[in-house]
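First the structure, in the form of structure tokens, and then the observations on it.
Bear in mind these aren't lab numbers, they're just calculated from the coordinates by the rules spelled out. Predicted model only: the values in this text are computed from it and were never measured. With ideal geometry, Cβ positions are generated from the backbone for all residues, glycine too; neighbour counts draw on all protein chains shown.
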Amino acid sequence: HYPLRRQRQMCIRDSLERHGKSDLEHLVFSDEKLFRMEESLNHQNTRIYSLALEDIPEHLRTVQRFQNSGTVMVWCAISKKGKFPMVFVDKGAKINAAYYIEHILESVLKVHGEAMYPNREWIFQQDSAPAHKAKTTQEWCRANLSDFIPESLWPPSSPDLNPLDYSIWSILEAKVNAQRHYTIESLKASLLNE
């Protein structure tokens with residue numbers, strides 16, 4: 001994995017030279033995550049001690065799994081100044097560059113980014129998902145945003161650089177999926193509430 005490691009180091013060095021530590025105030029991080037209606041359980045972090053299995057209440061020792069459990073794809077962006085509205089991706093929608101630009105970048109990111117940063121001094125960061133690194137998306141960002149980290153500068157395989165990946169998604173998932181949701185609307189309401 002040496003070439004990947006070397007590529008990551010070069011991208012991080014270039015980003016630090018371009019943005020430095022002072023730009024943390026102006027960075028807007030974004031990401032997508034798929035949430036399931038079913039209850040989640042992390043066997044590594046959830047421990048229940050008992051002398052006998054029968055002493056543990058049924059709802060604590062069993063997590064049901066269902067075939068074809070409903071899911072919802074969520075896009076979110078955050079910055080030091082606050083959070084952007086969540087976007088629920090339409091069921092069955094293919095997240096290609098056209099969908100991403102129209103339903104997320106133009107209607108949510110740009111509008112709320114300009115409201116949050118009226119002086120237009122903000123830097124947009126996204127990962128290297130196909131819709132993000134598409135030529136049309138990169139051109140749209142260049143033409144419509146005050147600044148953004150282009151796909152060429154984003155280090156590959158770097159979830160540790162985005163707070164949504166290394167912190168927020170897992171906390172949100174733990175809270176939202178502490179119990180099973182029976183409808184997509186219930187899942188969406190819980191996501192918005194949390």
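Label-to-label distance for Thr136 and Ser107 is 1.6 nm, based on points extended 7 Å past Cα in the beta-carbon direction.
Over 22 Å apart at the Cα level, from the set Lys33/Lys80; Lys133/Lys188; Lys80/Lys110, are Lys133/Lys188.
As a calculated quantity, the FRET efficiency between Met73 and Leu51 at R0 = 30 Å, using C-beta atoms, amounts to about 0.10.
Extension gain, Asn119 to Arg6: 0.36 nm times the residue separation minus the Cα-Cα distance gives 37.1 nm.
Less than 5 angstrom separates the built amide H of Val28 from those of Ile123, Phe124, Gln125, all sequence-distant by 5 or more or on a different chain.
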